[in-house]
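The values are calculated or read from the model by the stated rules, or taken from the named source; none is laboratory data. Values in this document were obtained by computation on a predicted structure and should not be read as measured data. Cβ placement follows ideal geometry from the backbone for every residue including glycine, while neighbour counts extend to all protein chains displayed. The area values use the complete protein model at the heavy-atom level, side chains included, leaving out ligands, DNA and RNA. Shrake-Rupley method; radii C 1.70, N 1.55, O 1.52, S 1.80 Å.
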Amino acid sequence: MKMFEVMLEGLVGISIHGFELVGVVIIILSGVQGFINYVRRDPKVRLQLAQGMAMGLEFKLGSEILRTVVVRELSEVALVAAIIAVRAALTFLIHWEIKTETEAELLEEEHREALKKE
């Protein structure tokens with residue numbers, strides 16, 4: 001049984017680092033792409049940046065959820081819970097921003113089409 005615990009902790013540890021790495025890479029790439037799109041004056045830069053940030057945060061949130069598997073003390077559980085709460089709140093806010101930007105783009109597109117018909 002002890003060997004199973006050691007193997008599980010090793011696998012979870014590697015998975016946590018993998019999820020963290022993927023999340024960080026996505027956030028970095030989204031930031032670089034967002035800067036490039038900003039310089040090019042792409043009107044969809046905010047939406048694309050928010051989508052990339054949300055995806056990266058979701059991977060990082062996944063790593064924190066995995067971290068709950070290996071915590072042993074109540075203080076560690078509280079710390080992980082606080083991190084999960086903050087990241088979940090950030091993800092919620094970013095998804096709200098995405099929804100707002102998408103609705104604004106749809107309204108702008110409808111307005112342009114209405115102007116074309118006149």
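Numbers for the structure displayed
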{"quantity": "The chain: relative contact order as a whole-number percent, Cα under 8 Å and 6+ apart", "calculated": "29"}
{"quantity": "Partner lysines for K116 [C-alpha distance under 29 Å; skip if fewer than 8 residues away on the same chain]", "calculated": "K44, K99"}
{"quantity": "Förster radius 22 Å - calculated FRET efficiency between E73 and K2, Cβ distance, rounded to 0.05", "calculated": "0.70"}
{"quantity": "Separation of the D42 and L11 label points, Cα + 7 Å toward Cβ, nm", "calculated": "3.9"}
{"quantity": "Those GluC sites (Glu not before Pro) in the range 1-91 that DSSP places in a loop and that have at most 10 other beta carbons within 10 Å", "calculated": "E73"}
{"quantity": "Protein-only accessible surface order, largest first, of K117, K60, K99 at 1.4 Å", "calculated": "K117, K99, K60"}
{"quantity": "Estimated 222 nm signal from helices in the chain, with DSSP H stretches of n ≥ 4 weighted -39500 (n - 2.57), rounded to 500", "calculated": "-32500 deg cm²/dmol"}
{"quantity": "Percent accessible area from carbon and sulfur atoms, the chain, protein chains only, probe 1.4 Å", "calculated": "70"}
{"quantity": "H111, H95, reordered so the largest accessible area comes first (probe 1.4 Å)", "calculated": "H111, H95"}
{"quantity": "Candidate aspartates and glutamates - alpha carbon under 12 Å from K60, same-chain residues fewer than 8 apart omitted", "calculated": "E20"}
{"quantity": "Answer label, with Cα Rg over 2.2 N^0.38 Å calculated from the coordinates and candidates (i) 1.21; (ii) 1.01; (iii) 1.48", "calculated": "(iii)"}
{"quantity": "Residue-normalised accessible area of the chain, expressed per residue, 1.4 Å probe, Å²", "calculated": "74"}
{"quantity": "Net charge of neighbours whose Cβ lies under 14 Å from the Cβ of E97, counting Lys and Arg as +1 and Asp and Glu as -1", "calculated": "0"}
{"quantity": "Cβ-defined net charge surrounding R67, 10 Å radius [Lys, Arg +1; Asp, Glu -1]", "calculated": "-3"}
{"quantity": "Low-density loop cleavage sites - trypsin sites (Lys or Arg not before Pro) in the range 13-54, where at most 15 other Cβ are within 10 Å (DSSP)", "calculated": "R40, R41, K44"}
{"quantity": "Accessible area of I65 in the full protein assembly, 1.4 Å probe (Å², nearest 10)", "calculated": "100"}
